[in-house]
1. Do any helices (runs of 4 or more DSSP H) lying entirely in region 395-482 carry at least 3 residues that are farther than 23 Å from Glu494 by Cβ, and which ones are they?
2. Cβ contacts < 6 Å: first residue within 19 Å of Thr368 (Cβ to Cβ), restricted to region 398-421; second residue among the polar types (S, T, N, Q), any location; separation 6+ or different chain. Result?
3. Among the residues of region 158-176, how many are out of contact with any helix residue (DSSP H, G or I) (no Cβ under 7 Å at 6 or more places or on another chain) and surrounded by fewer than 16 Cβ atoms within 10 Å (Cβ to Cβ)?
4. Give me a count of the residues in region 511-561 that are surrounded by fewer than 15 Cβ atoms within 10 Å (Cβ to Cβ) and either in a loop (DSSP other than H, G, I, E, B) or touching a Lys or Arg at 6+ places or on another chain (Cβ under 7 Å) (or both).
5. Any chance you could count how many residues in region 178-202 are out of contact with any Phe, Trp or Tyr (no Cβ under 9 Å at 6 or more places or on another chain) and either surrounded by 20 or more Cβ atoms within 10 Å (Cβ to Cβ) or among the polar types (S, T, N, Q) (or both)?
6. Could you please let me know if Glu513 is free of Cβ contacts under 8 Å to residues at least 24 places away in the same chain, in the same structural domain as Thr539 (by TED's automatic domain parsing), in contact with a Leu (Cβ under 9 Å, 6 or more places away or on another chain) and not aromatic (Phe, Trp, Tyr)?
7. Can you tell me which residues in region 61-103 are of a type in the set (Phe, Trp, Tyr) and over 20 Å from Val132 (Cα atoms)?
8. Which members of region 200-215 meet the condition of being of a type in the set (D, E, K, R) and farther than 16 Å from Lys161 by Cα?
Amino acid sequence: MFNLIFTSVNAQKKSFYPEGTENKKSQNKHQKEDRSKEEYQYKNYYYLALKQKALDNFDEAVKYFEKCIKLNNLEAASFYEISKIYLEKNNIKESLEYAKKAFFLEKENKWYAVFYAENLFVNKKYLEAIKVYKNLIKLDKENEDYYLELAKNYLYNNDLKSAIRTYNALETIKGINHYTSTQKHKIYTELKDFKNAARELELLLSEYPFDIQIYEMLSDCYILEGDFDKAFDTFQKIVKLNPNSATIHLTLSDYYLHRGNHEKYEEELEKAFLSKYLDPVTKLKKIVPLLSSLTSNTDSSFLFIFKLSNILISLYPELETPNMIHAELLQMDNQLESALFYYKIVVKKNPNQQRSWEKLLFLELELTNLDSLNTYSEQAIELFPTNSLFYYLNGLSYFYNKDYLNTIEAMEIGINFVASNPNLSSEIYSILGNSYNEINDFKKSDESFDKALEFSPNNVQVLNNYAYYLSLRGENLKKAKQMSMKTIEMFPNEANYFDTYAWILYKMKNYMEAKIWMQKALDITESQTFYDHMVDILTELGELEQAEIYRIIEPKNENNE
């Protein structure tokens, strides 16, 4: 009986619940639980990713965001975050890939759209970026940034006219403004459409009638257009608005230069330079191009440029560049002592100004200020210990004071720093050859002269001195004769070279030919050395009376070069 009732109850239960219903409920429950676990895991990974990102652990952050994507690849946020990280690390291609996925998953999200467009711009995909910004404008016609970014992409895509149309569209919403008008002015100027460039500025001035900068731009535009009358009228307006404006004098000077009125050009430029309202950098930018065109102090523009330089020195004596410019102009005008004074100011203000050190030292040498040359060349060597030129000049300061040991020391150090300058190498070895000769180290003297000729085979001073020293010692006279003849071939009117050649012939006991060449030297100039040599030659020839005449003659001029 009990079994029958139980079976009946079960039968009734089957009649109320269709077969399989309990299994489906259980399955749905499990699915909900799985989804809940996945959502929890997703949120957990996302939180950990944001935490690692905040700690600048970008690689770890990307790993967690990738785990989020693996759990749910239809959620845009993780793609967006990875894209931002890659852009931060300058991995622009990878950034674009993830930005694109985020955008296409949620096209209605403006932040994803803007970021995708920015990525496209960085990757130089301007046409695709243009499409995105156009779509953003459709969604939000009042957003100024969208128009500006769209115009920027047009500009980079070299579609200048579309950029102008975009700025015009923005102005219909926001009205005429400084940025869009000046941008259009720049574009029209680049297109050489100066008429429309001027029109944009004219419209802008209708909104901002007291903006001097716009007037200055407009005057430039009129000049480029060739409408000088309008340009001049604009200048007058600027003067009325700001009588103390220094820049207007610069603009007027350019205007008069274009018109060929040099007198007015110089007058306006001088006014600009005298103004305390114009910064020194702008003034220097104006004078430097003028300097590059100068070749000598006889140039017609020299006096005017020198006047501008004087103004700069009087207004800015503490600045390095005005002093350097003034020094160079004084040197060009052969005012060497004054030039030296200003070069010394330059190197005091900026000891690293190597070019000014070089000019200073060469001026000391030219003025034969040997002690000063020595002092300043020592300072230059301390600052630039690998500059061979400074050792050379330092050596000369000793050489001309006949301090040959110190000369040799400076030159031997300096020669090690010469790089790809055969003339300087030859000059240094030339001085070494002379110095070693003076201390009777003839072996090193000859070696130095030979090296000098290796670097510069036609160094006439080396050829003459080397040949003469050999003749004095009576050594290697054939080589001396060849070198001496080479100097005569190069300089056929130089008496000293004739004298050297005659003396070599004398040493070779070729007295008749020596007399001929010695007479050639005396025909050019008189010198006690030449007379002494002629006396020796005539004596060897037995022409004693003639020799006595030369012995008592006093030279009318000396040339012991």
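1. 404-414, 422-438, 442-455
2. Every condition considered, the pairs that remain are Tyr398/Asn406; Tyr398/Thr407; Phe399/Thr407; Tyr404/Ser435; Thr407/Ser435; Ala410/Asn394.
3. Total satisfying the criteria: 7.
4. Adding up the residues that qualify gives 10.
5. 3
6. yes
7. The answer is Tyr64, Phe65, Tyr86.
8. Scanning region 200-215 gives Glu202, Glu207, Asp211.
The values are calculated or read from the model by the stated rules, or taken from the named source; none is laboratory data. Just so we're clear, the structure is a prediction, and the values are computed from it rather than from any experiment. Cβ coordinates were reconstructed from backbone atoms using ideal geometry, including for glycine residues, and neighbour counts include every protein chain displayed.
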